[in-house]
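Student: The structure is given below, and queries will be raised subsequently.
The values are calculated or read from the model by the stated rules, or taken from the named source; none is laboratory data. Keep in mind the model is a prediction, meaning the values are calculated, not measured. Please note: Cβ atoms are built from the backbone with ideal geometry, for glycine as well, and neighbour counts cover all protein chains shown. All accessible areas refer to the heavy atoms of the entire protein, side chains included, with ligands and DNA or RNA removed. Shrake-Rupley method; radii C 1.70, N 1.55, O 1.52, S 1.80 Å.
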Amino acid sequence: TQLLEQSPQFLSIQEGENLTVYCNSSSVFSSLQWYRQEPGEGPVLLVTVVTGGEVKKLKRLTFQFGDARKDSSLHITAAQPGDTGLYLCAGHSGGGADGLTFGKGTHLIIQP
Amino acid sequence: DSGVTQTPKHLITATGQRVTLRCSPRSGDLSVYWYQQSLDQGLQFLIQYYNGEERAKGNILERFSAQQFPDLHSELNLSSLELGDSALYFCASSEDPYSGNTIYFGEGSWLTVV
């Protein structure tokens with residue numbers, strides 16, 4: 001069973017601070033996705049990374065896929081209250097089963 | 001709005017009962033996925049259908065079953081319900097089942113078993 005460990009589980013910081021959350025596994029994934037989920041809603045895809053070492057930027061969010069395609073990080077610069085939510089990473093094995101393997105998520109709270 | 005519609009949004013039922021959750025995928029999407037989300041287990045993949053056929057199976061209990069109909073909507077049947085089945089059940093859809101395809105999630109069905 002492929003597992004994705006996310007850290008930290010909970011993070012509460014002040015508006016304007018920077019933060020990094022991590023997604024680690026002992027397994028190799030063909031691609032890795034980051035989602036954000038707000039209360040009462042389903043996860044919404046933020047980004048997909050495919051190539052080892054790949055870096056993608058989405059405004060103040062920077063996503064990196066590890067060289068070995070086993071881990072990823074999400075860095076948020078100058079966090080804003082609107083960034084509050086549950087951030088989930090999900091790995092795709094690329095095999096016959098197409099269901100994503102999700103981490104348990106990082107609950108992020110940005111305080112004004 | 002992701003375009004994926006799930007009903008009911010909330011459901012409270014007693015142990016031992018059976019419920020059916022319904023999902024309408026985004027227009028044009030052939031693949032439907034079911035996920036279960038709980039506080040302790042996170043988001044767990046249950047099962048996937050593609051164009052009416054079961055394509056992949058995850059951590060789905062034998063008490064649970066699903067199907068995808070010719071009009072592509074899907075139903076998840078949960079029977080002999082236990083307290084531990086209380087969770088948020090998500091349906092998601094994508095155009096095709098291949099790796100890297102964007103999956104769109106519905107808003108979920110909250111199931112509470114009492």
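Student: Give the accessible surface of chain B per residue, rounded to a whole number of Å², with probe radius 1.4 Å and ligands, DNA and RNA excluded.
Tutor: Dividing the accessible area of chain B by its residue count gives 48 Å².
Student: Need one number: buried accessible surface between chains B and A, 1.4 Å probe, both sides summed, DNA, RNA and ligands left out, in Å² to 100. Please report the intermediate quantities before stating the final value.
Tutor: On the way: alone 6220 and 6010 Å², together 10710 Å².
Rounded to the nearest hundred, the buried surface is 1500 Å².
Student: 7 Å from Cα along Cα→Cβ at both B:Asp71 and A:His107: what's the point-to-point distance in nm?
Tutor: 3.9
Student: Ignore the peptide's own chain and count Cβ atoms of other chains within 10 Å of each Cβ in A:100-109; give me the average, rounded.
Tutor: Per residue, the number of nearby Cβ atoms from other chains is 3 on average.
Student: Hey, any idea what % of segment B:11-104's accessible area is carbon plus sulfur with a 1.4 Å probe?
Tutor: Carbon-and-sulfur percentage of accessible area, whole number: 44.
Student: Expressed in nm to one decimal, what extension gain is obtained for the pair A:Leu3 and A:His75 from 0.36 nm per residue of sequence separation less their Cα-Cα distance?
Tutor: Length gained, A:Leu3 through A:His75: 23.8 nm.
Student: A further question follows. Reachable aspartates and glutamates from B:Lys9, Cα under 13 Å, same-chain residues fewer than 8 places away excluded?
Tutor: Correct list for B:Lys9: A:Glu41, B:Glu107.
Student: Still on this structure: To the nearest 20 debye, what charge dipole does chain A have about its Cα centre, counting +1 at the Cβ of each Lys and Arg and -1 at the Cβ of each Asp and Glu?
Tutor: Working: 8 positive and 10 negative charges, 37 e Å.
Rounded to the nearest 20 debye, it is 180 debye.
Student: What is the dipole size for segment B:1-69, taken about its Cα centre, with +1 at each Lys and Arg Cβ and -1 at each Asp and Glu Cβ, in debye to the nearest 20?
Tutor: So the magnitude is around 160 debye.
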